[in-house]
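The values are calculated or read from the model by the stated rules, or taken from the named source; none is laboratory data. Note that the coordinates shown come from a computational prediction; the quantities given were computed from them, not determined experimentally. Here the Cβ positions follow ideal geometry from the backbone for every residue, glycine too, while neighbour counts run over all protein chains shown. Only protein heavy atoms, including side chains, enter the accessible area calculation; ligands, DNA and RNA are left aside. Shrake-Rupley method; radii C 1.70, N 1.55, O 1.52, S 1.80 Å.
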Amino acid sequence: MSRTTTALAVTEIGGPFELREVQLNPIQPDEALVEIHAAGICHTDLSSANGTLPGAPGAVLGHEGAGVVLEVGSAVTSVAKGDKVLLSFSHCESCAPCTSGHPAYCYAFNDRNFGGKRPDGSSSMVKADGTTPIFSSFFGQSAFARHTLVHKSSLVKVPPETNLSLFAPLGCGVQTGAGAVLNTLNVTEGSTLAVFGVGSVGLSAVMAGKLRGAKTIIAVDLQPSRLELAKRLGATHGIIGTGDVVEEIRKICPPVGVDFAVECTGNTKVIVSMIDALGTRGRGATVGAPGFGSRISVDVMNHLTYGKEYVGCCEGDSLPSKFIPYLIQLHAEGKLPLEELITFYDVKDYEKAIEDSKTGRAFKAVLKWEST
Ligand code: CXF
Ligand code: ZN
């Protein structure tokens, strides 16, 4: 049976978002029907809406959904009707990266998350008149909708007392920043760490660096107010990113630079600065997404003689079913003060939420359909 619901759709690539009626197609065996209560806005949504990352006219984006399961398909075993769920990225659950605990590197990651279709090529949503398929199943969820069909790999069951709107961003932004530090880089106690770009991902990296006991945490950003928050959350130094950032980092961490770094802006010039600011045997993770096909140029002899590492990091290399509950536990222990990053918006105020996300006024905007 098909169901009509409301979704926030991108009218055309580069055009605005609009609240519209859409129809859900019948649920498949590997899906759950979820009533969305809240969804974070991630820059990947905005990049897919403006064409930097794959999208399409009429797309229903959103990949930090949180809600309640209304119905499950016959192949869904991890959740049941009435469960609260946080939604994360989709993966095939059977390739080598998936079966070895690294689903963010699923061979089918791009198709499943940016393909705009279910794994079988069908669409989970159609236009309100029931005719045209919509670019949906974004990250297995298309969470900018009141109701949506979610692939089972995107579902993470959470306890009934979970604050859905507070924890919605765990499904992407927070797990990405925290996972870069805890999983990809494995930042060590007493080490030095630089974080380039302190939006919600970078701030999550800062909080994780503090958790690991890094002795120096350098935040780099263009906006002083963001550096202030980074310092409240654990950064020991803040650098405005307009000057010679590499030189400033070397002064703080002489003679060559930092042990670890995370790049969250996706700006290729900043990525090069991050690599330049790494110290001997320094390890830097690329997290920000500049768009498919982007390239950087590396000073090979510098890289070689200092023994640097430059590593990609998708979704914090996290296993959402384990990492998301761990992040909730860290929050309960006061070690992940997410309240500091999040601004809540009623879904009807989506234009302001998107604008505030673009300008950086909101570190992490969360759209709420419900009061939970
Ligand atoms: C994305 C960045 C682009 C590649 C897939 C993962 N991360 C967060 O939205
Ligand atoms: Zn994201």
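Residues in segment 130-141 that are in contact (Cβ under 8 Å) with a residue 40 or more places away in the chain and in a loop (DSSP other than H, G, I, E, B) were compared, and the one that is farthest from ligand 2 (Cβ to nearest atom) is 130.
Is it the case that some residue within segment 287-301 is of a type in the set (S, T, N, Q) and within 16 Å of ligand 1 (Cβ to nearest atom)?
Of the residues in segment 287-301, the ones of a type in the set (S, T, N, Q) are 294, 297.
Okay, now just the ones that are also within 16 Å of ligand 1 (Cβ to nearest atom), so 294.
Yes, because at least one residue in segment 287-301 is of a type in the set (S, T, N, Q) and within 16 Å of ligand 1 (Cβ to nearest atom).
Would you check if residue 281 is open to solvent by 50 Å² or more (accessible area, probe 1.4 Å) and in a loop (DSSP other than H, G, I, E, B)?
On the way: open to solvent by 50 Å² or more (accessible area, probe 1.4 Å): yes; in a loop (DSSP other than H, G, I, E, B): no.
Considered against the rule, which asks whether it is open to solvent by 50 Å² or more (accessible area, probe 1.4 Å) and in a loop (DSSP other than H, G, I, E, B), residue 281 comes out as no.
Touching a Cys at 6+ places or on another chain (Cβ under 9 Å), touching a residue at least 40 places away in the same chain (Cβ under 8 Å) and within 16 Å of ligand 1 (Cβ to nearest atom): does that describe residue 176? Explain how you work it out, then say what you get.
On the way: touching a Cys at 6+ places or on another chain (Cβ under 9 Å): yes; touching a residue at least 40 places away in the same chain (Cβ under 8 Å): yes; within 16 Å of ligand 1 (Cβ to nearest atom): yes.
Considered against the rule, which asks whether it is touching a Cys at 6+ places or on another chain (Cβ under 9 Å), touching a residue at least 40 places away in the same chain (Cβ under 8 Å) and within 16 Å of ligand 1 (Cβ to nearest atom), residue 176 comes out as yes.
Taken together, 21, 35, 12 contain a single residue that is closer than 28 Å to residue 352 by Cβ and more than 25 Å from the chain's Cα centre (by Cα), which is 21.
Just checking, does segment 154-172 include any residue being within 16 Å of the chain's Cα centre (by Cα), more than 15 Å from ligand 2 (Cβ to nearest atom), small (Gly, Ala, Ser) and closer than 30 Å to residue 6 by Cβ? Taking every residue of segment 154-172 in turn, at least one turns out to be within 16 Å of the chain's Cα centre (by Cα), more than 15 Å from ligand 2 (Cβ to nearest atom), small (Gly, Ala, Ser) and closer than 30 Å to residue 6 by Cβ. Taking the conditions (1) within 16 Å of ligand 1 (Cβ to nearest atom); (2) more than 30 Å from residue 105 (Cα to Cα); (3) among the polar types (S, T, N, Q) in turn, residue 343 satisfies each one other than (1).
Does residue 188 satisfy the criteria of being more than 16 Å from ligand 1 (Cβ to nearest atom), over 16 Å from residue 41 (Cα atoms) and touching a Ser or Thr at 6+ places or on another chain (Cβ under 9 Å)?
Numbers: more than 16 Å from ligand 1 (Cβ to nearest atom): yes; over 16 Å from residue 41 (Cα atoms): yes; touching a Ser or Thr at 6+ places or on another chain (Cβ under 9 Å): no.
Considered against the rule, which asks whether it is more than 16 Å from ligand 1 (Cβ to nearest atom), over 16 Å from residue 41 (Cα atoms) and touching a Ser or Thr at 6+ places or on another chain (Cβ under 9 Å), residue 188 comes out as no.
Within segment 142-155, the set of residues being away from ligand 1 (no atom under 16 Å from the Cβ) and either free of Cβ contacts under 8 Å to residues at least 24 places away in the same chain or open to solvent by less than 10 Å² (accessible area, probe 1.4 Å) (or both) comprises 145, 148, 149, 150.
Residue check: is residue 170 crowded, with 24+ Cβ neighbours inside 10 Å, among the aliphatic types (A, V, I, L, M) and either more than 17 Å from residue 265 (Cα to Cα) or without any contact (Cβ under 8 Å) to a residue 24 or more places away in the chain (or both)? It is true that residue 170 is crowded, with 24+ Cβ neighbours inside 10 Å, among the aliphatic types (A, V, I, L, M) and either more than 17 Å from residue 265 (Cα to Cα) or without any contact (Cβ under 8 Å) to a residue 24 or more places away in the chain (or both). Of the strands (runs of 3 or more DSSP E) lying entirely inside segment 193-265, those containing at least 1 residues that are out of contact with any strand residue (DSSP E or B) (no Cβ under 6 Å at 6 or more places or on another chain) span 216-221, 237-240.
Which residue, of 106, 92, is over 16 Å from residue 48 (Cβ atoms) and without any contact (Cβ under 8 Å) to a residue 60 or more places away in the chain?
On the way: 92 fails: without any contact (Cβ under 8 Å) to a residue 60 or more places away in the chain.
Step by step, each of 106, 92 is checked, and only 106 is over 16 Å from residue 48 (Cβ atoms) and without any contact (Cβ under 8 Å) to a residue 60 or more places away in the chain.
The test for being of a type outside the set (A, V, I, L, M), more than 17 Å from the chain's Cα centre (by Cα) and open to solvent by less than 60 Å² (accessible area, probe 1.4 Å) holds for residue 368.
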